[in-house]
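The structure under discussion appears below in the form of structure tokens.
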Amino acid sequence: MPLALSLSLVVSGCATRSPDFADSVASEGDQYSAISDKWADGQKLVSKGEKRIRKGREQIKDGNENISEGEAMMRRGKRLMTESEEEYRLKKEF
């Protein structure tokens, strides 16, 4: 019986993907199913964590770009304001 179960798991696993640790533990029987489930939950958390890290890094990059663009806009705006004030003073003098 265990051999037939193992064989069916190996055959069905090859059709879709290679077996991982959870598959191996699960094939040993119900007594290990909690361990298998725990490992699979851990694998899901690792995957979600990696996605969050990638997303966070993208957001940081976007944020840094926004800061740079905002600072450039402020410099240009202040320069325009200063130029306008100087032009106004020059026109009032004449």
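Comparison of 42, 77 shows that the only residue that is more than 27 Å from the chain's Cα centre (by Cα), surrounded by 10 or more Cβ atoms within 10 Å (Cβ to Cβ), in a helix (DSSP H, G or I) and modelled with pLDDT of 85 or more is 77. Listed by first and then second residue, the pairs linking a residue in the range 40-54 that is under 19 Å from residue 21 (Cα atoms) to a residue that is of a type in the set (Gly, Ala, Ser), with Cβ atoms under 9 Å apart and 6 or more places separating them unless they lie on different chains, are 40/22; 40/26; 43/22.
The values are calculated or read from the model by the stated rules, or taken from the named source; none is laboratory data. Bear in mind the structure is a predicted one, so any value in this text is a computation, not a measurement. Using ideal geometry, Cβ is built from the backbone for each residue, glycine included, and neighbour counts are taken over all protein chains shown.
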